[in-house]
1. Kindly list the residues of the range 621-638 that lie in the label zone of residue 544, defined by a backbone N under 15 Å from the point 7 Å along the Cα-to-C-beta vector.
2. Measuring from the lowest to the highest alpha carbon on each principal axis, how far does the range 151-203 reach, largest first, in angstroms?
3. Between residue 451 and residue 498, how high is the FRET efficiency from 1/(1 + (r/R0)^6) when r is the Cβ-Cβ distance and R₀ = 22 Å? Nearest 0.05.
4. Taking a quarter of the surface of the convex hull around the Cα atoms of the range 443-523, what do you get in nm²?
5. Could you sort the peptides 437-448, 72-83 by per-residue average Cβ neighbour count (10 Å cutoff), highest mean leading?
6. Rank by packing, highest mean first: peptides 185-196, 208-219, 621-632, with packing defined as the count of other Cβ atoms within 10 Å averaged across residues.
7. Distance between the C-alpha centers of the range 385-431 and the range 221-255? Whole Å please.
8. Is the range 349-410 best put as rounded, prolate or oblate by its Cα gyration tensor, with a ≥ b ≥ c the root eigenvalues, rounded for a/c under 1.5, and otherwise prolate when a/b is larger than b/c, oblate when not?
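Please treat every number below as a calculation from the coordinates, not as lab data. This one's a predicted model, so the numbers in the text were calculated from it and none came from an experiment. Backbone-built Cβ (ideal geometry, glycine too); neighbour counts: all protein chains shown.
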């Protein structure tokens, strides 16, 4: 065969740093839960297909947390409560329990467990009042919550967990205690499993700056301007270049201590790169790094897709490093779309895209598929096991396609490197840093960091070495990307205020170590509003909007319901959303009305196609400015997209839509749970189920 398509997967494993060094406590349980569901399952799926290889990017701060659970060195606040006998829980502890007990995906984690769904529906019917449950029900909930997070390896190979799943309900405290014992023992096997698969040569392991910071912003905050000129920077200034170096050095040292060899590859946090930070990696003997296709296109000043399918070598000031750029479309198909498709069809669709790339390539090519390795799978049935089984099986059969570790690319003589001496600055999200700097809340977080850093610079000459090192570690944690991810309106979580509190806790720790008074600004929450309020707004009365693509007056959509589509994404990126949400209402004649909201309308939607689906009926139309009349509906396009569906009111309407540009689907909703509009008497009631 004269040419071949080489496919390189990178699964990025990462969670925020939930540990507090000052009290040895873990504030949130997500590392523990993803250990049960994802960190073992993903390589487990892979091992079943000996011809398939993949690189796993394991963030050092994640490995530290897994190790802490393995050694029981820190106390997890939620798990401590869950391990107590339910009858002896305080009111405060019960309240804390119910902040988490239903934070499992409804469709794929709660619904398959009949007793769990029954208790969930009871909780929803009583508007979340936890006092409705007796002790036996709370105990069932605790066990079922843990079982819902157990991945396929545990469900298929652990006899005790299999028995609990068959039992379904009426669990005992002794069973819960034994379940925790099994789960903690299982976590101890995760890191050795990666070590074993790497020794076999089936996986590669790369790393990231230790606490997952946006490295270019630490090196030089002006990099945000380099990536996007109009970004608004914080009103304060401090320097963090030394922490950029520390994050890299500490990551490399920790990697070597765990895996017994030096790291060769980096996935820079969020694919965030600049010429200077890539030089920093090269100076630390890193051979390769990855970023996003938009960074490549900005670097080359062109968006030719064929340029994406080659390895690159960046050389600058006598330093060189190999670069690989992710195929955004293929990566996002796995991350966002295939969860709603039949597994074999999804796998075949992926293969067909690869085959098209192969046929269009004049020589052997390299396709990089890089995405989150943990958060997408709860949106798939069976934790994506069926999809990966089909995908890997299909890939094994294709003679024109071969999976390749990023560490192996340089040995592949069929692939030719392209040389570059410049690199654009940005991240994997829109090739800029808007997710981490520029909005009010994000900038406020930077300003508090700057205040703390400037205070430390004044005090550090009087602090001993041990104290300085503890403070530097707190700074490195606080400079992690995750806190900024949740600030602002880019992403949704019911735990937003908790992330704010945890971020500011690290700043408080610094002042405590300096024995200095904590400023009132650090004690004041950055998050000042309840993030839940904007997602479940229902109409308050019927009315009849005028369909012209504009808000004709203040009151036109004032009493309408609203669905914010960002809620569907949670930990997944939402910055690429074109349509961010929609208003809806009905009138006395049982016509339905929708207003689709987009801040990117003028640059992205004109001459596109929208397919709106209500139950099984489709309404399809081009987005042309003006008013269009059809047999059963009408559309107005201007500042917004307004739609009137004639005589469409039914008892229950399931709403979805797809948005196309140049025959390519650029958005669809919902990602996860159905959006159902129920009609009862004069009210339209929205909720996600």
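1. So the set is 634.
2. Principal extents (largest minus smallest coordinate, Cα): 45, 18, 12 Å.
3. Details: r = 22 Å, r/R0 = 1.01.
E(calc), rounded to 0.05, equals 0.50.
4. 5.1
5. 437-448, 72-83
6. On the way: 185-196: 15.9, 208-219: 27.7, 621-632: 12.9.
Descending packing order for the listed peptides: 208-219, 185-196, 621-632.
7. With the range 385-431 and the range 221-255 each reduced to a Cα centre, they are spaced 28 Å.
8. prolate
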